[in-house]
Amino acid sequence: MRRWTWLHSLSILIFISLASGFASLLYFSYQDYVHPRNIYGDWIEIGSPPYKTDTLTLNGQGVLKNGRLVATQFKFDGKRVLIETGRGTTIYQISGTISSPQLKRIQPLTPSQRLIKKGFEHTIKTETVGFSQQRRSALSDHFSNK
């Protein structure tokens with residue numbers, strides 16, 4: 001009977017140790033996943049004309065937009081980036097893939113904005129003529145033919 005109690009206690013101790021180790025592994029993996037350094041770097045706007053392209057820089061010192069400091073801190077929960085400025089809160093959501101990391105602005109909704117991490121620009125299909133340029137061209141052709 002004593003031997004059974006000793007083996008039972010040992011198996012419970014091993015189970016608790018394994019459960020604690022697994023829980024620790026999950027906790028530290030999650031902490032690494034939501035660490036802001038995962039999104040540090042320059043993010044370049046997609047689909048805007050070259051003369052009006054915004055660049056967003058996220059780093060340990062804060063947030064820079066087009067080289068100007070707009071916030072000294074930001075929050076990152078693993079899926080969303082929250083930036084609070086004097087103009088309100090801007091929220092970007094992680095989108096794209098690992099091979100083409102992108103941010104999509106979800107607040108404010110208009111104007112819509114998508115950004116891609118610097119160095120991954122080649123992974124997106126860019127149109128040489130944007131929608132607004134196509135529309136202007138079509139209107140110009142329509143009215144110049146009459």
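Values quoted throughout were computed directly from the atomic coordinates according to the rules given, and no laboratory measurement underlies them. Because the structure is a prediction, the values reported are computed rather than measured. Cβ: placed from backbone, ideal geometry, glycine included. Neighbour counts: every protein chain shown.
So if I place +1 on the C-beta of Lys and Arg and -1 on the C-beta of Asp and Glu, and nothing else carries charge, what would the dipole magnitude of the range 18-136 be about its Cα centre? I want it in debye, nearest 20.
The dipole of the range 18-136 has a size of about 380 debye.
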Checklist entry - Exposure proxy check: Val34, Val63 ranked by fewest other beta carbons within 10 Å? => result Val34, Val63
Checklist entry - With the contact rule set at Cα under 8 Å and sequence spacing of 6 or more, what percent relative contact order holds for the chain? => result 15 percent
Checklist outcome for this item: Summing +1 per Lys or Arg and -1 per Asp or Glu among the other residues with Cβ less than 11 Å from Val34's Cβ gives +2
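How much space per residue, in cubic angstrom, does the convex hull of the C-alpha atoms of the chain take up?
About 181 Å³ per residue, rounded to a whole number.
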Checklist entry - Count the lysine pairs in the chain that are 8 or more places apart or on different chains: how many have C-alpha atoms under 30 angstrom apart? => result 25
Checklist entry - Quick one: net charge of Ser9's neighbours, Cβ under 12 Å, K/R +1, D/E -1? => result +2
Checklist outcome for this item: GNM of the chain, Cα pairs under 10 angstrom: of Arg68, Arg87, Arg37, the biggest fluctuation goes to Arg87
